[in-house]
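Here is the structure we will look at, set down as structure tokens.
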Amino acid sequence: MAIYENLLLDQQNGILFITINRADKLNALSIDTVKEIRNAMQQVYDDASIKGAIITGAGPKAFVAGADISEIAELSEVTARSFAERGQDVFAMIERSNKPVIAAVNGFALGGGCELAMACHIRVAAENAKFGQPEVNLGIIPGYGGTQRLTQLIGKGKAVELMMTADMINAQEALQLGLANHVVPQEQLMDKCVEIMGKIMSKAPLAIGLVIECVNAVFNNDENGYQTEANAFARCCTSEDFVEGTSAFIEKRKANFAGN
Ligand code: COA
């Protein structure tokens, strides 16, 4: 059983709520915190009673204000590369999870915080959220996948501008750019995330996982996404949930998916 010193974990109705719990440091991602996120995601992967995860930050001010700058300041060329690669691996675990992961962005999502949010499948922002990749202020660049995922999400022109200027954008701007899926008042943030998660959880889990896999294939140069899609479509059609979904439609009733 993993021990968590920097995260709070709470499972309710099939959802694992993962809260980065370093409010006094605006939930900055220490190396230990990133390791704990890996462990929490492993739980999401392994525990059949978990159907999805919502990631947020403790306190009213920050989702995550970046990687922990006091640790970054100590990095050498060798340790910096493995620092980046380890973070990238953990965030890739989130992105590749076949169970949905939603970021509840409740304030600053800067640097590694923006990267963490972007690794999630959906981002819901509170009205006070602020997004940015301010690494150039510190003489570095994003290292947890930010150069790639920001460009994928909002396009090259705006991504390169945000990363070169270190500008922060507010929730409405993030919504316009497609970085945030929704913006809601802060007190409604969790309800909105749970509502979206509930909708997704009412669908066929295998199909949900395969949507994620196929969309991720768009960004994998070694993969033919159309082939991945055709294979995934064929897998769906051999599932019990496919029989249930199509039968429920024909019988004019609500489908009850077992996840097989
Ligand atoms: N790493 C380590 N500590 C951080 C941090 C980070 N990324 N972001 C904030 N903190 C700490 C501050 O050092 C401060 O700690 P202290 O009280 O022990 O001095 C505490 O969190 C509160 O932050 P503070 O700067 O006082 O809050 P603020 O409201 O004045 O400013 C920010 C908020 C987000 C604008 C500011 O904290 C900031 O710029 N943080 C760094 C953002 C960044 O560059 N992220 C990318 C890192 S690669």
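Numbers below:
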{"item": "Theoretical FRET efficiency, 1/(1+(r/R0)^6), r = Cβ-Cβ of E5 and L138, R0 22 Å, to 0.05", "result": "0.30"}
{"item": "Heavy-atom accessible surface of the range 1-85: percent carbon and sulfur, 1.4 Å", "result": "52"}
{"item": "Paramagnetic label zone (point 7 Å from Cα along Cα-to-C-beta, A80; backbone N under 20 Å) in the range 117-144", "result": "133-144"}
{"item": "Net charge, A207 excluded, C-beta distance under 13 Å - Lys, Arg +1, Asp, Glu -1", "result": "-2"}
{"item": "Environment charge of G198, counting only residues whose C-beta is closer than 11 Å and scoring Lys/Arg +1, Asp/Glu -1", "result": "+2"}
{"item": "For the chain, built as a Gaussian network whose Cα springs stay under 10 Å, the top-fluctuating residue of N231, N220, N21", "result": "N220"}
{"item": "Full-stretch length increase - E127, T246 - with 0.36 nm per residue and alpha-carbon distance subtracted", "result": "38.9 nm"}
{"item": "Accessible solvent surface per residue of the chain, calculated while the other protein chains remain in place, 1.4 angstrom probe, Å²", "result": "52"}
{"item": "Estimated 222 nm signal from helices in the chain, with DSSP H stretches of n ≥ 4 weighted -39500 (n - 2.57), rounded to 500", "result": "-14500 deg cm²/dmol"}
{"item": "3J(HN,Hα) from dihedral phi, the range 111-127, Karplus parametrisation 6.51/-1.76/1.60, rounded to Hz, x for glycine, proline", "result": "x, x, x, 5, 5, 5, 4, 6, 6, 6, 6, 9, 10, 10, 10, 6, 4"}
{"item": "Protein accessible area in the range 205-250, 1.4 Å probe - carbon and sulfur %", "result": "62"}
{"item": "The range 205-250: Cα Rg divided by the 2.2 N^0.38 Å rule of thumb", "result": "1.28"}
{"item": "Candidates L162, L150, L26: whichever shows maximal mean-square fluctuation once the chain is modelled as a Gaussian network with Cα springs under 10 Å", "result": "L162"}
{"item": "Amide H contacts of A129 (H built 1.01 Å from N, under 5 Å, at least 5 apart or other chain)", "result": "G107, A171"}
{"item": "Residue of Y144, Y226, Y45 that the Gaussian network model of the chain assigns the largest fluctuation, springs spanning Cα pairs under 10 Å", "result": "Y226"}
{"item": "Note, ³J(HN,Hα) from phi for the range 217-230, Karplus 6.51, -1.76, 1.60, rounded to Hz, x at Gly and Pro", "result": "4, 4, 9, 10, 5, 8, 10, 8, x, 5, 5, 4, 5, 4"}
{"item": "Other-chain or far-sequence residues with amide H under 5 Å of F17's (modelled H)", "result": "D10, Q11, Q12, I54"}
{"item": "Segment D222-N98, length gained on full extension (0.36 nm per residue, minus Cα span)", "result": "42.7 nm"}
{"item": "Gyration tensor verdict on the range 168-212 (Cα atoms; rounded if a/c is under 1.5, prolate if a/b is larger than b/c, oblate otherwise)", "result": "oblate"}
{"item": "Of all DSSP beta bridges in the chain, antiparallel share, percent nearest 5", "result": "25"}
{"item": "Normalised contact order of the chain, rounded percent, pairs of Cα under 8 Å and 6 or more residues apart", "result": "15"}
{"item": "Dipole in debye (nearest 20) - the chain, about Cα centre, beta carbon charges: Lys, Arg +1; Asp, Glu -1", "result": "600"}
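The values are calculated or read from the model by the stated rules, or taken from the named source; none is laboratory data. All values reported here derive from a predicted model rather than from experimental measurement. Neighbour counts run over all protein chains shown; Cβ positions are idealised from the backbone, glycine included. Please note that ligands, DNA and RNA were not included when accessible areas were found on the heavy atoms of the full protein model with its side chains. Shrake-Rupley method; radii C 1.70, N 1.55, O 1.52, S 1.80 Å.
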